[in-house]
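One structure is given below, encoded as structure tokens.
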Amino acid sequence: LVPGRANAVSDEFFGIVPAQRPASNEFQTMGQAGAGTYRFHLNWARIQPTEGGAYDWSATDEEVASAARNGIRTLPFIFGSPDYVASAHLEPPLGSTESKEAWKRFLGEAAARYGLGGTFWEEFAVSDPGVEPQPVTAWQIWNEQNSPSFFEPKPSPRKYAELLKISDDAISAENPDAEIVLGGMFGTPSRNRGIFSWKFLKRLYRVKGVASRFDAVALHPYSPNLFGIKAQIELARKQMRRAGDGRTPIWITELGWGSGGTNGSDLIKSRAGQKKMLRKSFNLILDRRGKWKIRHLLWFAWRDPDEPEDATGVVCSWCATAGLLNRDLETKPSFDQFRKITGAS
């Protein structure tokens, strides 16, 4: 029996993460495939490229509207710093009071625009009458903060806790009921100075009061096999229980494999192998979602990107073929498997 939507998961349980921004017409296919959540990069540096300058929400408006028109909830992950608040894009904006305040203003403006009762939805009601709004109800803070590939100069649970605190303050001031989600953590970052996800969690929980600052733990349990996925989730859950936070849900905000390539990454399978791993991993997580308290399960990526970097700008070799569709929007066997598991087929 293949678990599907009828098997007691919400419409928003299954989701998609793009490797690059989809065209507006791709969201219809996404919705028809049973994706109820769309996780996307909210890029401060692109929205406010100059210090003190106006916010340009136009590209984000289009993305959020396209998702809503197809019944898809958006989950933004806020990641990256403009060059006027940090010395590197991957460095969090914690270097000065001014940087922190600028980050808080940006998050506050985003929450006031896209959250419940936001100004964007007032405009949307006029432009798209009869279409149900899909306000942002959860905000994900940063991305893979346990890896030096995404958190410079090096991962720091203490610094990340500070980022969480000011982010929670800013978003909650606009949307008191909004959920704050940890950035998705890759289990075993291989570069020097990376921190395994469960060890990062252990150290994060040591920061006084931090558990009150988030509502969900997010994981990116990439692995060449099911054993690695299971181990990463269970090790994280173990640290959560030890910290007295066992009731908090886990969101899988990225999981995937490539469908071809020659670089030797252990996350690259064949087209048939990608389909097989999607089926096996999704069924494993669905089968244990109660025990593990899994709230969401999102596939990376929607389609193969045109460039060898993911949506965050980080070069990722196996991501080049991680899509359920190829660059020409032709579906792969994994797309049909995704639809089958979501119950859309």
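We did not get these values from a lab; they are worked out from the coordinates using the rules stated. Since the structure is predicted, the reported quantities are computational estimates derived from the model, not experimental observations. Neighbour counts are summed over all protein chains in view; Cβ atoms, including those assigned to glycine, are modelled from backbone coordinates with ideal geometry.
Put +1 on the Cβ of every Lys and Arg and -1 on every Asp and Glu Cβ in the range 248-345; which of 250, 286, 299 then has its Cα farthest towards the positive end of the dipole?
286
Could you let me know the centre-to-centre spacing of the range 274-304 and the range 215-230, using Cα atoms, in angstrom?
First find each Cα centre; the distance between them is then 9 Å.
How large is log10 of I(q)/I(0) for the range 154-198 at q = 0.14, 0.27 Å⁻¹ when the intensity is taken from the Debye formula with one equal scatterer per alpha-carbon?
-0.44, -0.99
Where does the range 1-151 land on Rg(C-alpha)/(2.2 N^0.38 Å)?
Working it through for the range 1-151, the quotient is 1.13.
Calculate how large, on average over all directions, the projected area of the Cα convex hull of the range 61-132 is; give the answer in nm² to one decimal.
For the Cα atoms of the range 61-132, the hull's average projected area reads 5.4 nm².
Express in nm, to one decimal, how much length is gained between residue 55 and residue 242 on full extension, taking 0.36 nm for each residue of separation and deducting their alpha carbon distance.
63.1 nm
State the percent of C-alpha pairs, over all pairs in the range 234-345, separated by a distance greater than 16 angstrom.
In whole percent, the share of Cα-Cα pairs in the range 234-345 beyond 16 Å is 62.
Local charge sum around residue 210 (other residues, Cβ-Cβ under 11 Å, Lys/Arg +1, Asp/Glu -1)?
Spelling it out: positives minus negatives among the neighbours equals +3.
Can you return the aspartates and glutamates within cross-link range of residue 332? Criterion is Cα-Cα under 12 Å, with same-chain partners fewer than 8 residues away left out.
Here the aspartates and glutamates satisfying the reach criterion relative to residue 332 are 304.
Calculate how many DSSP beta bridges within the chain are antiparallel, expressed in % of all such bridges and rounded to the nearest 5.
DSSP beta bridges in the chain are roughly 5 percent antiparallel.
Mind pulling the per residue volume of the convex hull built on the Cα atoms of the range 136-221? Å³ is fine.
Given the Cα convex hull of the range 136-221, per-residue volume reads 84 Å³.
Which length gain, in nm to one decimal place, applies between residue 88 and residue 265 when the Cα-Cα distance is subtracted from 0.36 nm times their residue separation?
Contour length minus the Cα-Cα distance gives 61.0 nm.
Could you give the dipole magnitude of the range 13-77 about its Cα centre, charging the beta-carbon of Lys and Arg +1 and that of Asp and Glu -1, in debye to the nearest 20?
240 debye
Pop out the ³J(HN,Hα) list for the range 133-146 in order, Karplus 6.51 cos²θ - 1.76 cosθ + 1.60 with θ = phi - 60°, rounded to Hz; leave Gly and Pro as x.
With the stated coefficients, the range 133-146 comes to x, 10, x, 5, 10, 9, 10, 9, 9, 6, 8, 6, 5, 8 Hz.
Return the ratio Rg/(2.2 N^0.38 Å) for the range 8-47, where Rg is computed over Cα atoms only.
Here the Cα radius of gyration is 1.33 times the empirical estimate.
Taking a cut-off of 28 Å between Cα atoms, list the lysines near residue 291, but don't count ones fewer than 8 places away on the same chain.
Output for residue 291: 199, 202, 208, 230, 238, 275, 276, 280, 340.
Between residue 125 and residue 28, with labels modelled 7 Å along Cα→Cβ, what's the label distance in nm to one decimal, could you check?
Distance between the two pseudo-spin positions: 2.7 nm.
Suppose R0 equals 22 Å; then what is the FRET efficiency for residue 212 and residue 154 from their Cβ-Cβ distance, rounded to the nearest 0.05?
FRET efficiency, residue 212 to residue 154: 0.25.
Amide H of residue 218: which non-local residues (sequence gap of 5 or more, or other chain) have their own amide H closer than 5 Å, using H built in the peptide plane?
182, 185, 251
Mind sorting out which of (i) 61; (ii) 53; (iii) 65 is the real percent of Cα pairs over 24 Å apart computed from the coordinates?
Calculated percent of Cα pairs over 24 Å apart: the matching label is (ii).
Which value, in debye to the nearest 20, gives the size of the charge dipole of the chain about its Cα centre, when Lys and Arg are +1 and Asp and Glu are -1 at the Cβ?
2340 debye
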